Structures are given as C-alpha cells and as structure tokens.
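Okay, so here's the structure we're looking at.
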Amino acid sequence: MNIRSALVPVLAVALAIAVGAVIIALSGSSPVDAYRALIEGSLSDPKSIGRTLEKATPLVMGGLAVAFAFKAGLFNIGGQGQLVVGAIIAGAVGYGISDLPWIIHAPLALLVGALAGAAWGAIPGVLKATRGAHEVITTIMLNFVALNLTDWLASKVWREPGVIVRTPRIEPSAEIPRWGEIPTGFFLAVVAALACWYLLRGTTFGFEIQSVGLNADAARYAGISVRRIFVTTMAISGMLAGLGGAIETNGIVGRYEPGFNAGLGFEGITIALLARTHPLGVIPAAILIGAMQAGGSMMQFKADVQPEITKIIQALILVFVATPIIVRWLLNKREADELSVSSTWGS
C-alpha cells in the first residue's frame, strides 16, 4: 500500500468526522463535547481501552475474513453466518466438556469453532469452483441458514433452562482470560492479522491467491488450480470469521446467545474497505470502529448525542471509502495546487 492509497481511508475518516460534527450540531448538541466524550469513553483509561479492544477483536477477525477472500477476487458477505456458527460450536465445546485443563480446553474450543467457520465458508467456495455459483449470492443465502440453524440449536438442542434463549455458561477452563483490563483475544486477532499478511506476502500459496485475484484466466494458464484457490481461500476466510465468533463467546460473553453478535460479520466489510483490504490495516480500522462503539454510550450520557449518530458516522466512513471520488478529488486538488506553487516559484 503506497502513501497515496493510504491517504484515502485517512481522509475518508476525517470527512466522516467532519460531516458527523455538522449532524451533531444540527441535532442540538456540541460536536466538541461529543467527540471529547467519545474519546473519554474509549481511550481515556485502561478500562475504556480494554472495552475498545474488546469491541475491536471480532471486528479484526471479520475484517480479515473479507480482506483475505478479496485477495483471490472473492467477495465474502457470509462473515456473519460463519461467525455465529463458530461462536455456537465453540460455546458447545466450552460447556459440554469438563475436567480438562485450561491449556487444552480453551485452545480446543477456539480450534473447533474456527474449523466450524472454515467448513461453513468452504461451502460457497466449493459451489463456485464446481458449479460457478457466485459467492455473493451463496454467502448471503448461507447467512440466513446459519442464523436460523444457530437459533434452533440455542433454543432447542443446547438451551439452558430458563426464560432467556441461550446456551449454558462455558466451563472456567474454556474461558479466554484477560490481561488486566485488556482482552487476550485481541492479541490472538493481531497474531491472525500478522499470519495473513505473511501468508499473502511471503509464501507461494499467497502468491497463487493474489494471482487468481488479479486474473484467474492468466493464473489458470500458468498452471495454478483456480478451483483449489477458490475453495481454500473461502475456507480460510470462514475460519477467520469463525475464530472471531469463538473468541467472542469464550473470551467476552461466556456463552452463546442469539443476537449478541448481530451485525459483527457485516461490519467486517466496513473494516476491510477502510483497511484497503490490507491485513495489517485491518487492525487500526477495527480499533477505530471499536472506539466509536465503546464511546457511543458516553457520547449519549455526557453530550446528549443519540447512539444512532455513531452509526451514521460509520456509514459515512463506508461511503467515503467505497466511493472515494471526493477523497481522490481532494488529493488531486492538493497535488495540482502544489504543482502550481512550484511552477510559480520556479518561473
């Protein structure tokens, strides 16, 4: 990613914040007080930082899932379904197995959840490789299947007795601990981002993935199995989303409850676009959105800003990043001004 490309998401965020300030002012609140409260609620002390990283962890994994698939020219919109499948399976392993030491139980729950996500992600990969079915359509359809399947499992098969529809709480040996106020799951997400970056940048398999993404016909002519790349890439993408759901269940919530992670998989699309599909760029992008989510309640409490405002700002970021005409116009205008000044001084 060159400097010019990196400036696009930075300016997109700046524009979204500026437009958000106008909206906050029109709603009758102070933009300065609102953004001060946002920072206070997300980055002012170890507890708020921990809350931000807690929000950011599944966003990193969801963003990685979308970004990794995109490198092979695939648009994985099924992150939500892959995430909830991984989340409920990890929860089932977490409460269904006892008398295991933590060093075995917690990694086992994460591994099984990740594999469940991989299996769910591989389905649209196989359909595309063998039948030519477009992954956007199949992943959207599988989202509905996954949500209804997990709702049924939580309400009928693995339901905890009581009024609330949820699975039993996981065993302490399956919990992902915290490092002070910081969730350990965030470090796992960072390791996953580094692994994806290395896989794409420093391995033959990563080269094949990117070759298929750039030109599948040329890659096929060069001897690369495009079908294999489609299936394995979607499986890895699903594994990343499933691991995000497993971390959410075993590291934050402690059980699976339908609706607790609603929208996390779809927000991965925002994260991936904001990061320009760069695996390492996903980390700061997720922290930014996580901070907005963590500080939203403080904005409402201290600045009388409705929580929907943060959603509007997130949507504006997505709009400016996905359609960067305005951002690129600003960049081109700045370069033209610099050229004009240079020409004037040189004349």
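Looking at region 97-110 only, could you name the residues that are surrounded by 15 or more Cβ atoms within 10 Å (Cβ to Cβ) and part of a helix (DSSP H, G or I)? So that I can check it myself, show each step before the final result.
If we filter region 97-110 for residues that are surrounded by 15 or more Cβ atoms within 10 Å (Cβ to Cβ), which is where we start, we get 97, 100, 105-106, 108-110.
Result: H105, A106, L108, A109, L110.
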Every residue from region 260-285 that is over 16 Å from S237 (Cβ atoms) and modelled with pLDDT of 90 or more
L280, G281, I283, P284, A285
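In region 215-234, what residues are within 10 Å of L74 (Cβ to Cβ) and either in contact with a Phe, Trp or Tyr (Cβ under 8 Å, 6 or more places away or on another chain) or not aliphatic (A, V, I, L, M) (or both)? Don't jump to the end; show me each part of the working.
Here is the first cut: in region 215-234, the ones within 10 Å of L74 (Cβ to Cβ) are 229-230, 233-234.
Within region 215-234, F230, T233 qualify.
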Tell me, yes or no, whether region 125-133 has at least one residue that is under 20 Å from the mean Cα position of the chain (by Cα), hydroxyl-bearing (S, T, Y) and under 26 Å from I209 (Cβ atoms).
no
When (1) free of Cβ contacts under 8 Å to residues at least 24 places away in the same chain; (2) crowded, with 18+ Cβ neighbours inside 10 Å are applied to V10, the one that fails is (2)
Could we say that I89 is closer than 14 Å to N250 by Cα, more than 17 Å from the chain's Cα centre (by Cα) and either in a loop (DSSP other than H, G, I, E, B) or modelled with pLDDT of 95 or more (or both) here?
yes
Report the residue count in region 99-155 for those that are among the β-branched types (V, I, T) and farther than 27 Å from R228 by Cα.
3
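With I49, I39, I77 as the choices, which residue is modelled with pLDDT of 90 or more and either touching an Asp or Glu at 6+ places or on another chain (Cβ under 6 Å) or not in a helix (DSSP H, G or I) (or both)?
Values: I49 fails: either touching an Asp or Glu at 6+ places or on another chain (Cβ under 6 Å) or not in a helix (DSSP H, G or I) (or both); I39 fails: either touching an Asp or Glu at 6+ places or on another chain (Cβ under 6 Å) or not in a helix (DSSP H, G or I) (or both).
Result: I77 is the single residue among I49, I39, I77 that is modelled with pLDDT of 90 or more and either touching an Asp or Glu at 6+ places or on another chain (Cβ under 6 Å) or not in a helix (DSSP H, G or I) (or both).
One residue is enough: does region 210-230 have a residue meeting the conditions closer than 30 Å to I176 by Cβ and of a type in the set (S, T, N, Q)? Lay out the reasoning, then the answer.
At the first step, the residues of region 210-230 found to be closer than 30 Å to I176 by Cβ are none.
No.
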Checked region 291-322 for anything of a type in the set (S, T, Y) and either buried (at least 19 other Cβ atoms within 10 Å of the Cβ) or over 17 Å from S42 (Cα atoms) (or both); matches are T310
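The values are calculated or read from the model by the stated rules, or taken from the named source; none is laboratory data. Nothing here was measured: the structure is a model prediction, and the numbers come from that model. Note that we place each Cβ from the backbone using ideal geometry, even for glycine, and neighbour counts take in every protein chain shown.
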